[in-house]
């Protein structure tokens with residue numbers, strides 16, 4: 001049998017986000033949903049007899065679940081030409097090919113959504129500071145948190161105290177969590193990986209594809225390397241993205257420092273980091289191979305999806321930087337690489353940090369509910385009616 005629990009779990013978490021966004025639209029906090037969300041079919045595509053059998057079984061396991069209602073499966077090349085003409089055009093191999101398709105998928109521009117939410121906060125007199133860098137977080141004698149902040153524009157240092165601090169700084173969260181000194185921050189390390197994508201803006205090519213199509217990770221490749229060809233709407237411009245390819249940089253953020261990785265190695269996590277290095281030789285090998293890829297080699301990988309792809313239509317773009325969490329676990333032992341998203345919080349609930357990179361923004365609402373439960377258990381009863389109103 002095929003384990004589809006992860007797919008169902010992520011979909012359930014995404015439904016919480018959709019419910020919250022619907023609440024924002026119905027409450028008039030978001031006026032035009034198409035400013036950040038577009039409907040787009042989601043598909044899985046596989047080649048080879050064994051993979052086709054696997055996909056059919058996966059489809060059968062998922063189609064019984066109401067979250068995957070309306071999902072279709074086809075191994076008929078003529079049907080696939082209707083669904084994904086760009087991918088099927090110029091295909092000469094007789095190898096079996098199959099896909100599943102669900103039309104209730106979406107393309108979400110999380111940058112646009114964040115700006116909409118920030119505008120709403122500012123209209124309610126919440127102060128949002130840009131171009132401010134958090135330099136340190138320390139416990140005060142009266143059990144508050146003192147946050148040291150560098151105002152980048154005027155070069156001045158500011159100090160703020162707070163009863164509760166949430167650290168949501170992407171790759172920058174781990175170093176800030178380490179600065180807090182809480183016991184929960186020990187024995188955790190991070191390994192930075194950058195994501196590169198091939199991007200196509202040629203309108204003739206872009207017009208031929210309307211779906212997010214996921215392939216299957218190659219044998220030995222880590223889970224975050226599943227190749228996908230996506231229709232994306234970025235600032236209302238329709239583009240195609242193919243990737244991810246992995247790159248390496250010691251920075252924890254795109255704009256970070258080359259000393260981020262070295263700086264994150266502490267006496268309490270050095271053995272965790274070393275254990276991960278020894279354990280994850282296959283990942284190390286994969287990253288080295290990825291970093292050495294020429295543009296033409298990347299195009300060859302794209303041509304497994306789009307046989308007729310032309311190099312001049314595609315540019316390489318560094319999309320972002322992610323930090324894979326490394327920690328000691330009961331199941332995996334010392335130095336186990338984590339592929340999920342994780343909330344680390346102090347025992348007294350006064351500080352929490354969000355680490356990890358995947359499944360990412362689509363499950364942000366689920367993650368925030370977890371933060372509320374961990375850090376404000378005493379308020380959950382009185383908050384519950386309002387939360388239920390927002391997320392039925």
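Rule-based calculations on the coordinates, nothing more; no lab input. Quick caveat, the model's predicted, so the values are computed rather than measured. Neighbour counts run over all protein chains shown; Cβ positions are idealised from the backbone, glycine included.
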Relative contact order of region 1-88, defined on C-alpha pairs under 8 angstrom at six or more residues apart (%): 30 percent
For the chain, place one equal point scatterer on every Cα, skip the solvent, and apply the Debye formula. What is log10 of I(q)/I(0) at q = 0.12, 0.14 Å⁻¹? -1.13, -1.49
How far apart, in nm, are two points set 7 Å out from the Cα along the Cα-to-Cβ line at residue 204 and at residue 235? 2.6 nm
Can you tell me the order of 168-177, 373-382 when each peptide is scored by its average per-residue count of other Cβ atoms within 10 angstrom, highest first? 168-177, 373-382
Sort region 1-103 into rounded, prolate or oblate with this rule: let a ≥ b ≥ c be the square roots of the eigenvalues of the Cα gyration tensor; rounded if a/c is under 1.5, and if a/c is not under 1.5, prolate when a/b is larger than b/c, oblate otherwise. oblate
Using Cα pairs closer than 8 Å and at least 6 residues apart in sequence, work out the relative contact order for the chain, in percent. 19 percent
Does anything in region 191-233 have its amide N under 11 Å from the 7 Å Cα→Cβ label point of residue 34, and if so which residues? none
Please state, rounded to one decimal and in Å, the Kirkwood hydrodynamic radius that region 286-392 gives when every pair of distinct Cα atoms enters the mean of 1/r. 18.0 Å
Return the Cα extents of region 108-219 along principal axes one, two and three, sorted largest first, each rounded to a whole Å. 62, 43, 25
Between residue 347 and residue 123, the two model label points (7 Å from Cα along the beta-carbon direction) sit apart by a distance in nm of 4.4 nm
Globularity index of region 153-274, i.e. its alpha-carbon radius of gyration over 2.2 N^0.38 Å: 1.44
Give, in nm to one decimal, the length gained when the segment between residue 15 and residue 63 is fully stretched (0.36 nm per residue of separation minus the Cα-Cα distance). 15.6 nm
Footprinting exposure proxy for 266, 386 (fewest neighbouring C-beta atoms within 10 Å first): 386, 266
